[in-house]
1. Of the listed pairs Lys46/Lys137; Lys30/Lys200; Lys3/Lys133; Lys200/Lys290; Lys18/Lys200, which have alpha-carbon separations greater than 22 Å here?
2. Quick check: Cα centre of the range 1-51 to Cα centre of the range 99-148, how many Å?
3. Using label points projected 7 Å from each Cα along Cα→Cβ, tell me how many nm separate Asn220 and Glu315, to one decimal.
4. When only Cα pairs under 8 Å and 6 or more residues apart are kept, what is the percent relative contact order across the range 43-146?
5. I want to make sure I understand the PRE zone here: with the label point 7 angstrom from the Cα of Lys286 toward its beta carbon, which residues in the range 156-197 have backbone N atoms less than 17 Å away?
6. Hey, what did the chain get for relative contact order, percent, Cα under 8 Å, at least 6 apart?
7. Note down the magnitude of the dipole of the range 43-146 about its Cα centre, charges +1 on Lys and Arg C-beta and -1 on Asp and Glu C-beta and zero elsewhere, to the nearest 20 debye.
8. Per the Kirkwood formula on distinct C-alpha pairs, the Rh of the range 43-146 is how many angstrom?
Amino acid sequence: MNKINLANLPTRIVKLEKTSKRYNKNIYLKRDDFTGTEVSGNKVRKLEYAMAEALNNECDAIITTGALQSNHCRATAAVCAELGLECYLILMGEPNEIEGNLFLDYFLGANIYFENDVDSVSNKMETLFKDLKDKEKKPYIIPMGASNHIGTYGYINAYEEILKQEKDMNIEFDLISTPVGSGGTYGGLWYGDYINNKNKRILGFAVSETKEYFKETIVNILRELDKDIESFDTIEINDLYVGQGYGIATDDELEFYLEIGKNEGVIFDPCYTGKGFRGLLREIEKGNIKEENILFIHTGGLMGWTKEYIDRAYEIGKIKSRV
């Protein structure tokens, strides 16, 4: 599969020393939040393949979709600006503030449409595709999160990267864990493990939908990728830490992210990585994770700290400092 080089790769792997000691495990982070600045996070790995196909087909306009503060949409806008392509984003919801990733979408020159009805997004994308063709453009649609069999190659490649780093670090990870928001990252890691016959435990933590929804989504992606897969039984998605829903963080969750930041110097966002990493540690506490060497994929999301969360985190911080 063709790709173009957009990300700063390979991303480094670091051990969380204090957290490892506290939980009596060897807990590492793969810093895919270091893939770049404008393209920071896991989405650019997928865009390296999606954009290569768009350019190979001589497309000049990219259409994609995501939530208001979508990391994928921000990364797509940045890559389009770099490559000289028109960018069209259909964002789900209506903004209260122009901040975070939404601000950067505008900053990077994206054409932005808002859609309140989630079920209408696909129709909106198809309508926009036809309108652009009528204007003699050559549009290309990237699905939410670039999570299809093309984008999934980004994390097949990341899995191969991890295998090389294991050799360099003289360690073998028993478990690889990631947040799951659209399925492509998990699918790539699972398939990388499958074709390399490593039998690692690939554990995903849902940040929005149910484990049944994500398993079906991931299976569909993998079937596009490889029709000869006989069993998907080792796909493992935990949906116990979605909390109050996608993009919603409770005070307890925010307090957890603040604690990790102060202890390890690592910032998890309140939408994706925070929920996933919190789920991982809670499952260790429950005794549901027996593996010793654990790698968590930090998929980025710093811009997810919007004003609402900053204000709430500040108040929580003040309360803690008075105790």
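1. Among Lys46/Lys137; Lys30/Lys200; Lys3/Lys133; Lys200/Lys290; Lys18/Lys200, the Cα-Cα distance tops 22 Å for Lys46/Lys137; Lys3/Lys133; Lys18/Lys200.
2. The two parts, judged by their Cα centres, are 26 Å apart.
3. 3.9
4. 37
5. Residues 177-180 qualify, since their backbone N sits under 17 Å from the label point.
6. Worked out over the chain, it gives 20 percent.
7. Dipole magnitude for the range 43-146 comes out near 280 debye.
8. Hydrodynamic radius (Kirkwood, Cα pairs) of the range 43-146 is 13.5 Å.
Taken together, the values in this text are just the output of simple stated rules run on the coordinates, not laboratory data. Treat the numbers as computed from the prediction; the structure is a model and nothing was measured. Positions of Cβ are backbone-derived with ideal geometry, glycine not excepted, and every protein chain shown enters the neighbour counts.
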